Structures are given as C-alpha cells and as structure tokens.
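Take a look at this one; I'll ask things after.
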Amino acid sequence: MQTNSRLRKIWADKTLYVMLLPAAAFFSVFHIWPILEMRLAFYEYRILGDHVYVGFKYFKELFGTPIFSQVLANTLIISAMKMFLIFPLPILFALMLNELVNGKFRKAVQIISYLPHFLSWVVIAGIWFEFLSKSNGIVNDVLRLFGFPAHDFLTDKTAIRWVLVASEAWRNIGWDSIIFLAAILGINKSLYEAAYVDGANRWHMITRIILPHLYVPMVTVLILNVGFIMNAGLDQVLNFTNASVNSKIDIIDTYVYRVGLINGQYSFATTANLFKSAIGVALVLSTHFISKKLTSKGAW
C-alpha cells in the first residue's frame with residue numbers, strides 16, 4: 001500500500017523526475033562509478049586480463065615519492081588561502097547588496113557579479129593574462145603611473161598563489177553571495193521594525209539581527225569548503241601554470257592528471273586520488289561533528 005502511494009507521487013511529479021535524469025546520470029558516471037573503481041589503488045592495472053592485487057604497494061610508493069610531499073603542501077596552502085581569505089567576502093558582498101536602496105541598481109550589480117562564474121577558466125585566464133600583462137596590463141600601467149617598475153606577476157613564484165586567490169575571488173564572490181543574500185531577504189521585517197522602535201541603528205541591525213540569521217548558511221558553506229580543501233582547482237592551475245611557477249602551484253590534481261592520463265600509471269594515480277578523497281571525507285565529518293557540538297552547547 002505504501003509502495004503504491006509512493007509510485008503515485010512519483011508519477012504525479014514525473015516531469016520533475018525527468019528533469020532530474022541528466023543530473024543523476026552526470027553524478028552516477030563521474031562521481032559514483034569512480035568510487036567503485038577506487039579499488040584500482042590496490043591492484044596493478046592491466047589492459048588485458050584481470051588486475052593483480054598488490055595490497056598497499058602503491059601507497060608505499062606514493063608516500064615515498066619526494067614530489068608528493070611538495071604537491072601535497074602546495075594543495076593545502078592554496079586551498080587554505082582560498083578558504084580563509086575568500087570565505088568572508090561573499091558574506092560582506094551580500095551585506096553590501098542588502099544596503100543598496102535602489103532596487104534596479106542592486107539587480108544590475110548582482111547580474112554583473114554573477115557573470116564571471118559562468119566563464120570557463122580558459123576565458124578567465126585570458127582576461128587575467130591581459131589584466132596582469134607586464135607590457136600593457138592595467139595593473140602594471142598603474143604601477144608605472146606611480147613610479148614603480150613593471151612586474152611580471154604570472155612568472156613570480158611569490159605572487160602566483162595570490163593571483164590564483166584573486167582570480168578565484170573575482171569569479172565566485174557574486175555567485176557565492178546568493179545563499180547569504182537569500183537568507184538576509186528571508187528575515188522577518190518585523191524584527192527590523194522592533195529594533196528601530198528600540199532605538200537600534202543600522203549597525204545594530206546588522207550585528208544583532210542579520211548576522212545571527214547567517215550562522216546556519218555560514219556553517220553549511222564552511223563544512224562544504226572544508227570538504228573540498230584537497231581540491232585546489234585543477235582547471236585553474238592548468239591554465240595559470242608555467243615552467244617558472246609550476247613548483248609553487250603543482251597540486252595533487254595536476255599530479256594525478258600528469259601521472260595517470262599522460263604517463264598511463266593508472267593505479268598509482270588512483271592511489272593519490274583515493275588519499276585526497278579520504279582526507280576530504282574525514283575533514284567533512286570532523287567539521288560537521290565540531291559544528292554540532294558548538295551549536296548544541298549554545299556557542300552560537
């Protein structure tokens with residue numbers, strides 16, 4: 001009886017389920033099926049015949065490879081820079097959008113800020129190459145205007161990580177602010193009215209009304225970001241890398257791409273990717289546990 005009821009509900013919403021099929025197929029092929037094939041990390045890959053079980057052979061080789069410690073450090077540094085430096089920016093941007101009184105101007109700002117998110121990293125890299133060009137880039141034009149020498153940011157090992165962070169922020173601040181702006185717009189207007197009657201100014205409303213309503217989406221986004229801390233941005237790094245800075249931005253994903261797809265060492269590359277995924281899952285579970293403890297104790 002219960003099964004028939006569920007089937008009737010599915011049939012009633014059949015259009016929605018049909019629309020869901022492409023997304024379900026995408027995640028099945030590119031996310032679920034690869035999880036099943038992670039067993040390759042414990043086998044020696046063979047094109048013909050059965051794979052040979054080798055246990056933790058490739059894990060020992062991975063941790064004994066000198067370059068792996070370097071790419072692991074690069075991954076953690078770049079991801080940490082992106083997470084901690086970019087995380088507050090969408091929140092601040094949402095707060096600023098909420099303060100705009102002119103509705104048409106606010107919509108225009110929102111649309112413009114969302115556009116970079118829909119550009120590929122190939123296009124974004126091209127824009128930033130022109131932006132940071134040593135010969136005619138706007139940044140170096142400004143430096144020369146104030147009497148400073150032109151600087152090649154894209155080949156500078158000390159600057160390239162900051163270029164990655166800045167381009168990531170430019171691409172995603174507007175898009176990531178949507179969830180926070182939606183939470184702000186969902187606040188009951190009567191709270192503002194009551195605060196205004198009690199003599200609260202705009203700063204008090206932001207700190208005492210708006211920010212407490214943003215705690216839940218902030219924690220949710222933080223948990224998701226921590227889970228992706230081992231993903232420093234394959235597409236971005238591939239487009240910004242060059243021989244001069246590769247040692248500073250060579251990450252696990254580019255290492256897996258180079259070893260697995262280019263060199264054909266599929267088992268070894270799978271081992272590196274499995275290690276990265278395991279760390280990500282552990283960090284998500286740890287962050288979720290800590291956030292539950294904090295909220296249950298009333299810390300927030």
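Does Ser267 satisfy the condition of being in contact (Cβ under 8 Å) with a residue 12 or more places away in the chain, polar (S, T, N, Q), open to solvent by less than 60 Å² (accessible area, probe 1.4 Å) and under 23 Å from Phe63 (Cα atoms)?
Criteria met by Ser267.
Let me ask you something else. From Ile178, Ile229, Ile223, Ile173, which residue is part of a helix (DSSP H, G or I), of a type in the set (Val, Ile, Thr), in contact with a Leu (Cβ under 8 Å, 6 or more places away or on another chain) and open to solvent by 20 Å² or more (accessible area, probe 1.4 Å)?
Of Ile178, Ile229, Ile223, Ile173, the one residue that is part of a helix (DSSP H, G or I), of a type in the set (Val, Ile, Thr), in contact with a Leu (Cβ under 8 Å, 6 or more places away or on another chain) and open to solvent by 20 Å² or more (accessible area, probe 1.4 Å) is Ile173.
Out of the residues in the stretch 181-194 that are within 23 Å of Leu115 (Cβ to Cβ) and surrounded by fewer than 15 Cβ atoms within 10 Å (Cβ to Cβ), which is nearest to the chain's Cα centre (by Cα)?
The qualifying residue nearest to the chain's Cα centre (by Cα) is Ala182.
Also, quick follow-up: Of the numbered conditions (1) in contact (Cβ under 8 Å) with a residue 60 or more places away in the chain; (2) closer than 27 Å to Asn246 by Cβ; (3) within 20 Å of the chain's Cα centre (by Cα), Phe84 fails exactly one; give the number of that condition.
(1)
With Tyr255, Tyr196 as the choices, which residue is outside any loop (DSSP other than H, G, I, E, B), modelled with pLDDT of 85 or more and within 28 Å of Leu40 (Cα to Cα)?
Tyr255
Return only the number of the condition from (1) of a type in the set (Ser, Thr, Tyr); (2) part of a helix (DSSP H, G or I); (3) modelled with pLDDT of 90 or more that Ser244 does not satisfy.
Only one criterion in (1) of a type in the set (Ser, Thr, Tyr); (2) part of a helix (DSSP H, G or I); (3) modelled with pLDDT of 90 or more is unmet by Ser244, namely (2).
Shifting gears a bit: What are the pairs with Cβ atoms under 7 angstrom where one residue, in the stretch 136-159, is in a helix (DSSP H, G or I) and the other, located anywhere, is open to solvent by 100 Å² or more (accessible area, probe 1.4 Å) and modelled with pLDDT under 90? Sequence gap at least six, or different chains.
The qualifying pairs are Asn140/Lys134.
Still on this structure, please answer the following. Report yes if Ala25 is under 30 Å from the mean Cα position of the chain (by Cα) and farther than 19 Å from Ala278 by Cα, otherwise no.
yes
The values are calculated or read from the model by the stated rules, or taken from the named source; none is laboratory data. For clarity, every value in this text was computed on a predicted model and none was experimentally measured. Note that we place each Cβ from the backbone using ideal geometry, even for glycine, and neighbour counts take in every protein chain shown. Heavy atoms of the whole protein, side chains included, go into the accessibility calculation; ligands, DNA and RNA do not. Shrake-Rupley method; radii C 1.70, N 1.55, O 1.52, S 1.80 Å.
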